[in-house]
1. Roll a 1.4 angstrom probe over the protein heavy atoms and tell me the percent of accessible area of the range 16-70 that is carbon or sulfur.
2. Kindly report the accessible area of the chain per residue (heavy atoms of protein chains, probe 1.4 Å, no ligands, DNA or RNA), in Å².
3. What angle, in degrees between 0 and 90 and rounded to the nearest 10, separates the Cα long axis of helix 2-34 from the longest principal axis of the Cα atoms of the chain?
4. Compute the FRET efficiency between Arg38 and Arg4 as 1/(1 + (r/R0)^6), taking r as their Cβ-Cβ distance and R0 = 35 Å, and round to the nearest 0.05.
5. Kirkwood hydrodynamic radius, computed over distinct alpha-carbon pairs, for the chain: how many Å, to one decimal?
6. Relative to the first principal axis of the alpha-carbon coordinates of the chain, what is the inclination of helix 50-62, with its axis defined by its Cα atoms, in degrees from 0 to 90 and to the nearest 10?
7. What trypsin sites (Lys or Arg not before Pro) in the chain are in a loop by DSSP, with at most 15 other Cβ atoms within 10 Å of the Cβ?
Amino acid sequence: MQERVQHDAAKEEVAGLMSLFRLYIQREAEDLYRRGVRVRFIGDRIKLEPRLVQLMDDLELLTSGNDRVH
């Protein structure tokens with residue numbers, strides 16, 4: 001029983017972190033673009049939510065022509 005509670009708590013924590021990541025991307029994308037930052041995400045995205053992956057893809061595409069910071 002305790003393991004299940006811990007597992008559920010960990011899932012909620014990860015979901016909360018992914019929500020913050022989505023919010024950050026949405027809030028900061030335009031500013032990163034204007035400042036000339038080129039954003040690239042590394043790592044496997046297979047287990048991420050499709051809407052988060054789409055935001056990541058969109059941000060990479062938006063900033064692909066920038067060259068100030070990689």
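1. Numbers: 2310 of 4200 Å².
Solvent-exposed carbon and sulfur of the range 16-70 make up 55 percent of the total.
2. Details: 5800 Å² over 70 residues.
Normalised by residue count, the accessible surface of the chain is 83 Å².
3. Computed tilt is about 10 degrees.
4. 0.25
5. Values: mean 1/r = 0.0738 Å⁻¹.
About 13.5 Å for the chain.
6. With both axes taken from Cα atoms, the answer is about 20 degrees.
7. Working: sites: Arg4, Lys11, Arg22, Arg27, Arg34, Arg35, Arg38, Arg40, Arg45, Lys47, Arg51, Arg68; in loops: Arg35, Arg38, Arg40, Arg45, Lys47, Arg68.
Passing sites in the chain are Arg35, Arg40, Arg45, Lys47, Arg68.
The values are calculated or read from the model by the stated rules, or taken from the named source; none is laboratory data. Everything numeric in this text was worked out from a predicted model, so none of it was measured. As a convention, Cβ positions derive from the backbone with ideal geometry for all residues, glycine included, and neighbour counts pool all protein chains shown. Surface accessibility is based on the protein's heavy atoms, side chains included, excluding ligands, DNA and RNA. Shrake-Rupley method; radii C 1.70, N 1.55, O 1.52, S 1.80 Å.
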